[in-house]
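Below is one structure, written out as structure tokens; the observations come after it.
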Amino acid sequence: MLRVFFAFFFKLVLYFVLLSVGWVAVLKVVPVWFTPLMAVRKLEASRAGEATKIHYDWEPYENISREAALAVVASEDQNFPTHWGFDFDEIYDAMTEKRARPRGASTISQQVAKNVFLWHGRSFIRKGLEAYFTVLIELIWGKKRILEVYLNVAETGKMTFGVEAAAQRFYGKSAKNLSRAEAARIAAVLPNPIRFSIKNPSSYVSGRAGKISRQMRLLGGQKYIEHL
């Protein structure tokens, strides 16, 4: 019985690895049209009797302002161009800092792995799978594709995903034409896009956007991400 169990378990793991690698390989070239979080938001809206339309418009990296790309890197993961999926210095700092609310240390790569392939929640199984998919996308996709997907699937407002949808809804323009200040404001709401507003920013969001703009300058501007 033990031998049968281990044979079954080995086959299960093998099939999972093959399917997951194939899935990641396909999404290297195919747009990500839907994510688990979008499904959750539609379900929540339906239960609340609210509009269930998802505002989402996939755009290739070339059609998105480099200011938007730089803004999310400056805001969410400044070591994105150089790390291999995990920023261990940030993880250590987050674990050792004494704060009332622990700050997150997830990289853009980890956030993409979670948003595209997994459910949202806090469990060791999900964190383990997040690490697994983070390694896969770093190896198979590369930095430019990871950032492209993040810019398209990150939640940017209520029922709104990606910088193109945010730019169209809140600025009335394409993401390709976003200014630095507009891109920084989008990045400023990413920690909590349901609570914070791009269209009607609070003083906190405006202040955070200003800090992000300064960080973008300190990083050297768009050249910081030109060789992804």
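The values are calculated or read from the model by the stated rules, or taken from the named source; none is laboratory data. What you see is a predicted model; the values in this text were computed from it and never measured. Positions of Cβ are generated from backbone atoms using ideal geometry, with glycine treated the same way; all protein chains shown enter the neighbour counts.
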Exercise. Pairs, please: C-beta under 7 Å, at least 6 apart or cross-chain, first residue more than 18 Å from residue 54 (Cβ to Cβ) and in region 185-206, second of a type in the set (Lys, Arg) and outside any loop (DSSP other than H, G, I, E, B)?
Worked result: 188/208; 201/185; 205/185
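Yes or no, residue by residue, for (1) in a helix (DSSP H, G or I); (2) within 10 Å of the chain's Cα centre (by Cα); (3) surrounded by 21 or more Cβ atoms within 10 Å (Cβ to Cβ); (4) polar (S, T, N, Q):
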residue	(1), (2), (3), (4)
110	yes, yes, yes, yes
114	yes, yes, yes, no
125	yes, no, no, no
131	yes, no, no, no
135	yes, no, no, no
139	yes, no, no, no
168	yes, no, no, yes
Exercise. Can you find a residue in region 130-144 that is among the polar types (S, T, N, Q) and closer than 24 Å to residue 58 by Cβ?
Worked result: yes
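Listed here are the residues, each with its yes/no results for (1) in contact with a Phe, Trp or Tyr (Cβ under 9 Å, 6 or more places away or on another chain); (2) loosely packed, with under 12 Cβ neighbours inside 10 Å.
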| residue | (1), (2) |
| --- | --- |
| 184 | no, no |
| 191 | no, no |
| 199 | yes, yes |
| 202 | yes, no |
| 208 | yes, no |
| 222 | no, no |
Seminar exercise, completed: Counted residues in region 34-76 being free of Cβ contacts under 8 Å to residues at least 40 places away in the same chain, within 15 Å of residue 228 (Cβ to Cβ) and of a type in the set (A, V, I, L, M, F, W, C) come to 0
For this session: Identify the single condition in (1) in contact (Cβ under 8 Å) with a residue 12 or more places away in the chain; (2) of a type in the set (Phe, Trp, Tyr); (3) not in a loop (DSSP other than H, G, I, E, B) that residue 16 does not satisfy, given that it satisfies every other one.
Result: (1)
For this session: Of the conditions (1) in a loop (DSSP other than H, G, I, E, B); (2) surrounded by 12 or more Cβ atoms within 10 Å (Cβ to Cβ), residue 53 clears all except one; give me its number.
Result: (2)
Exercise. Do we find that residue 208 is modelled with pLDDT of 95 or more, of a type in the set (Lys, Arg) and in contact with a helix residue (DSSP H, G or I) (Cβ under 8 Å, 6 or more places away or on another chain) in this structure?
Worked result: yes
